[in-house]
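Reviewing the structure listed below.
The values are calculated or read from the model by the stated rules, or taken from the named source; none is laboratory data. Predicted, not measured: the structure shown is a model, and the values here were computed from it. Positions of Cβ are generated from backbone atoms using ideal geometry, with glycine treated the same way; all protein chains shown enter the neighbour counts.
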Amino acid sequence: MNAPPKTFHVKSFGCQMNVYDGDRMGELMAAQGLTATDDQFAADLVILNTCHIRERATDKVYSDIGRIRKESGKLGGNPMIAVAGCVAQAEGQEIVRRAKVDVVVGPQAYHNLPDLVARASRGEAALDTDMPVDMKFGYLPARRRVPPSAFLTVQEGCDKFCTYCVVPYTRGAEVSRPFAAIVDEAKALVDAGAKEITLLGQNVNAWDDDGKGLHDLIAALDRITGLARIRYTTSHPNDMADGLIAAHRYVGKLMPFLHLPVQSGSDRILKAMNRSHSRDGYLRLLDRVREARPDIALSGDFIVGFPGETEADFAETLSLVDAVGYAQAYSFKYSPRPGTPAATMADQIAPDVMDERLQRLQAALNRDQAAFNAASVGRRCAVLLERKGKLEGQLIGKSPWLQSVHLLGDAAIGDLVEVGIVEAGANSVMGERRNAPSLT
Ligand code: 5AD
Ligand code: SF4
């Protein structure tokens, strides 16, 4: 039994969709009259919005639960703990057994969080991992305070079933939110202060509604006064429709950035991963994207050490990286996930081989990121300021190509300022204010 909580803290792990979900859970609890606190050890209710994508992400949840109990206990607290997100969906009752948490709620059921918290306060079981056909979004309160760069989930789930991935099991089948609901939410975000909106989905470019594709949605957002920038992530190569590629040529507010995971450069491994695209198909697609928007910054995801990956397969990945020249990218060691086909494949790769390949891949990706940043010195661009930096008077924002831009000078968070890029580092660039009459 817990007394009904008065304060809460939401901690989100993993992807940007979890950040969005975490914010919405916070709004939901605030609408119930609870107060948010930044101090995770002082809250009456701690909501851990978890990630199941790799083993280490899952382990972190259990160590976090232990730490919160211990540190809160030192302060005389005994918080109610709610586990939300993909670990909740995948492990369900197992979390209650293993970590004695009070509430377990899956990513498609969190609109029921207030009810589950009330049940837990009465000492009743509080677990909901349903995936209702009726989406949760209609049950969530309106957006109020939002950052200059806001997320908006438009699509959830995945039907692709890559053989290494838990997402189709934890987030369920691909479902798109309706066009009108998304446009309304985008307008509400802009009214609440957003200047940039990133459309989110596990397969965001698979979004559709009654014959409309993601480019139609982007065109509708382009018409919202007060919105300056549009982004979208994460895309699958097979859903990169002609209309979306063309949007990069024609839609002024669509930023020149594309995150398009490839995972491997070897056709043999891509097949074993069930990626259903080839190395060449991916490269040709990027040629078309670059033709539409020559300055586009490209990003990707990579997995090293997938079962059966030979040195020759890995060399193909390195040569693909050389061919593309990514502006930034994410790379991971393969992590077997329970219930996925790859977890039981023969020829799992030894950890030291994975470590060594990851190091070589990251060296190549870091080299290309530094080169991309160096090549942007001398460019002039708009920067959306998002937060304060560590130095006095320093502000940090994003370039159109999603680089972090550090800037000194007289401006405020939320401003879109004209900047000249004067210096490049490995992970960020330095900007100087330029005066410009108008900005978009
Ligand atoms: N092991 C390692 N990386 C994985 N990813 C997804 N599943 C796994 C796994 N089992 C990576 C992919 C994906 C990103 C979100 O996480 O690169 O694009
Ligand atoms: Fe996972 Fe593949 Fe779906 Fe991406 S496309 S979420 S990697 S199954």
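Structure notes:
- Residue in the range 31-42 that is in a helix (DSSP H, G or I) and not charged (D, E, K, R) present: yes
- Among the residues of the range 204-235, the one identified as within 16 Å of ligand 1 (Cβ to nearest atom), free of Cβ contacts under 8 Å to residues at least 40 places away in the same chain and not hydroxyl-bearing (Ser, Thr, Tyr) is ASN205.
- Of the strands (runs of 3 or more DSSP E) contained entirely in the range 194-259, those carrying at least 3 residues that are in the same structural domain as VAL175 (by TED's automatic domain parsing) and not aromatic (Phe, Trp, Tyr) fall at 196-200, 229-233.
- Test: PHE161 is surrounded by fewer than 18 Cβ atoms within 10 Å (Cβ to Cβ), touching a residue at least 60 places away in the same chain (Cβ under 8 Å) and among the aromatic types (Phe, Trp, Tyr): yes
- Identity of the residue in the range 334-364, in a helix (DSSP H, G or I) and within 16 Å of ligand 2 (Cβ to nearest atom), that ends up surrounded by the most Cβ atoms within 10 Å (Cβ to Cβ): ALA342
- Only one entry of TYR169, TYR139 meets the criterion of being among the hydroxyl-bearing types (Ser, Thr, Tyr), more than 16 Å from ligand 2 (Cβ to nearest atom) and touching a helix residue (DSSP H, G or I) at 6+ places or on another chain (Cβ under 9 Å), and that entry is TYR139.
- Taking every residue in the range 252-273 that is free of Cβ contacts under 8 Å to residues at least 12 places away in the same chain and pairing it with any residue that is within 14 Å of ligand 2 (Cβ to nearest atom) and among the polar types (S, T, N, Q), at least 6 positions away or on another chain, the pairs with Cβ-Cβ distances below 8 Å are LEU270/GLN263; LEU270/SER264.
- A single member of SER331, SER376 is surrounded by 14 or more Cβ atoms within 10 Å (Cβ to Cβ) and away from ligand 1 (no atom under 14 Å from the Cβ), and it is SER376.
- Odd one out for HIS277, checked against (1) assigned to a helix (DSSP H, G or I); (2) within 16 Å of ligand 1 (Cβ to nearest atom): (1)
- Cβ-Cβ contacts under 6 Å between residues 6 or more apart (or on different chains), taken from a first residue in the range 127-156 that is within 20 Å of LEU384 (Cβ to Cβ) to a second residue that is of a type in the set (S, T, N, Q) and surrounded by 17 or more Cβ atoms within 10 Å (Cβ to Cβ), are listed as PHE151/THR198.
- In the range 141-171, the residues that are in a loop (DSSP other than H, G, I, E, B) and among the aromatic types (Phe, Trp, Tyr): PHE161, TYR164
- Within the range 262-298, the set of residues being surrounded by 20 or more Cβ atoms within 10 Å (Cβ to Cβ), closer than 17 Å to ALA327 by Cβ and within 16 Å of ligand 2 (Cβ to nearest atom) comprises VAL262, TYR282.
- In the range 260-274, residue farthest from ARG288 (Cα to Cα) [restricted to those that are within 15 Å of ligand 1 (Cβ to nearest atom) and in a helix (DSSP H, G or I)]: ALA272
- Within the range 43-65, the set of residues being part of a helix (DSSP H, G or I) and touching a residue at least 24 places away in the same chain (Cβ under 8 Å) comprises GLU55, ARG56, ALA57, THR58, LYS60, VAL61, TYR62, ASP64, ILE65.
- Residue list for the range 280-307, filter: within 16 Å of ligand 1 (Cβ to nearest atom) and in a loop (DSSP other than H, G, I, E, B): GLY305, PHE306, PRO307
- Enumeration of residues in the range 383-397 that are closer than 19 Å to ILE230 by Cβ and either surrounded by 22 or more Cβ atoms within 10 Å (Cβ to Cβ) or assigned by TED's automatic domain parsing to the domain that holds GLY300 (or both): VAL383, LEU384, LEU385, GLY397
- Filter result for TYR110 (surrounded by 21 or more Cβ atoms within 10 Å (Cβ to Cβ) and either among the aromatic types (Phe, Trp, Tyr) or at positive phi (or both)): yes
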